[in-house]
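Asker: This is the structure, below, for whatever I ask next.
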Amino acid sequence: MAALRAAKQALRKEVKRRVATVTDDEKRRQSLVVSQKLFSHPKYMSSQRIAVFLSMKDELNTQEIIKDMFKCGKSCFIPRYESTSSHMDMLKVNSLQDIETLPLTSWNIRQPAKEDDSREEALASGGLDLILMPGLGFDRARNRLGRGKGFYDNYLERCKKHPKGKPYTIALAFKEQLCEKVPVDNHDVPIDEVLYEDEK
């Protein structure tokens with residue numbers, strides 16, 4: 001267990017170092033390429049209720065995706081993380097303006113305030129069709145290296161208990177986040193697909 005934790009920590013450092021060398025322009029370019037791939041993806045096109053992360057600087061930018069979701073009339077859910085635990089809810093947002101009014105967390109991400117109980121939580125209602133997943137690293141066997149808090153793994157376990165079942169999961173990545181092999185144990189939930197810019 002300790003060896004696995006150490007291996008994950010070492011890989012996190014390595015991937016962060018790689019992503020830190022990518023210029024803002026290149027991040028923007030790759031973000032647009034991956035967003036376009038997503039827009040023509042059958043799962044995205046057929047999904048109505050979608051959870052998406054609000055991106056940090058070292059993650060693929062999701063702004064165009066969020067804009068497209070509102071334009072297409074899809075229901076958009078974003079994470080509210082509890083900093084003291086590994087609990088996360090997916091709460092509905094109504095527009096880009098709605099997102100812009102949300103408070104910033106210590107991680108500099110906008111999310112609904114803890115006391116905001118007016119929003120629909122995805123699992124308290126119709127569940128989710130698709131979750132767009134962040135992460136630090138990914139491999140071609142669809143294993144995901146998170147930030148070590150377990151937010152998404154725990155949320156996917158909760159999804160399995162919902163009548164709708166586990167939603168399809170697509171990770172969005174820079175090609176610099178692809179790894180030879182992500183070390184995992186049986187608590188780590190593999191994702192259905194990783195979208196990134198293919199080397200052609």
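Asker: Quick one: in the stretch 100-109, which of the residues that are more than 14 Å from the chain's Cα centre (by Cα) and touching a residue at least 24 places away in the same chain (Cβ under 8 Å) is farthest from residue 84 (Cα to Cα)?
Answerer: Going through the stretch 100-109, the residues more than 14 Å from the chain's Cα centre (by Cα) turn out to be 100-108.
This time we only want the ones that are touching a residue at least 24 places away in the same chain (Cβ under 8 Å), so: 105, 107-108.
Working: 105: 13, 107: 13, 108: 16 Å.
Here the residue is 108.
Asker: Next question. How many residues are under 15 Å from residue 110 (Cα atoms), among the hydroxyl-bearing types (Ser, Thr, Tyr) and surrounded by fewer than 18 Cβ atoms within 10 Å (Cβ to Cβ) when one looks only at the stretch 40-80? Steps first, answer last, please.
Answerer: Let us first name the residues in the stretch 40-80 that are under 15 Å from residue 110 (Cα atoms), namely 51-57, 59, 61-63, 66, 76-80.
Retained after the next criterion (residues that are among the hydroxyl-bearing types (Ser, Thr, Tyr)): 55, 62.
Narrowing further to those that are surrounded by fewer than 18 Cβ atoms within 10 Å (Cβ to Cβ): none.
Matching residues across the stretch 40-80 total 0.
Asker: Just checking, how many residues over the stretch 60-95 are modelled with pLDDT of 95 or more and either among the small types (Gly, Ala, Ser) or within 20 Å of residue 28 (Cα to Cα) (or both)?
Answerer: So the count comes out to 13.
Asker: I'd like to verify a number: residues in the stretch 158-187 that are open to solvent by 70 Å² or more (accessible area, probe 1.4 Å), in contact (Cβ under 8 Å) with a residue 24 or more places away in the chain and under 17 Å from the mean Cα position of the chain (by Cα), how many?
Answerer: Result for the stretch 158-187: 1.
Asker: Does any residue of the stretch 126-142 turn out to be free of Cβ contacts under 8 Å to residues at least 24 places away in the same chain and open to solvent by 20 Å² or more (accessible area, probe 1.4 Å)?
Answerer: Checked the stretch 126-142: no residue is free of Cβ contacts under 8 Å to residues at least 24 places away in the same chain and open to solvent by 20 Å² or more (accessible area, probe 1.4 Å).
Asker: Here are 185, 129, 98: which of them is modelled with pLDDT under 90 and over 22 Å from residue 17 (Cβ atoms)?
Answerer: 185
Asker: Across the stretch 45-58, which residue is farthest from residue 129 (Cα to Cα) among those that are out of contact with any Lys or Arg (no Cβ under 9 Å at 6 or more places or on another chain) and in contact (Cβ under 8 Å) with a residue 24 or more places away in the chain?
Answerer: So the residue we want is 56.
Asker: Pairs only if they're at least six apart or on different chains, beta carbon under 6 angstrom, first in the stretch 113-125 and under 18 Å from residue 52 (Cβ atoms), second aliphatic (A, V, I, L, M); list them, first residue then second.
Answerer: Sorted first by the residue in the stretch 113-125, then by its partner, the pairs are 119/91; 121/91; 122/90; 122/128.
Asker: Suppose we keep only residues that are over 22 Å from residue 97 (Cα atoms) and buried (at least 20 other Cβ atoms within 10 Å of the Cβ) within the stretch 15-37. Which one would you say is nearest to the chain's Cα centre (by Cα)?
Answerer: Here the answer is 34.
The values are calculated or read from the model by the stated rules, or taken from the named source; none is laboratory data. The model shown is predicted, which means the values in this text are computed figures rather than measured ones. Every residue, glycine among them, receives a Cβ derived from its backbone with ideal geometry; neighbour counts consider all protein chains shown. These accessible areas exclude ligands, DNA and RNA; they are computed on the full protein's heavy atoms, side chains included. Shrake-Rupley method; radii C 1.70, N 1.55, O 1.52, S 1.80 Å.
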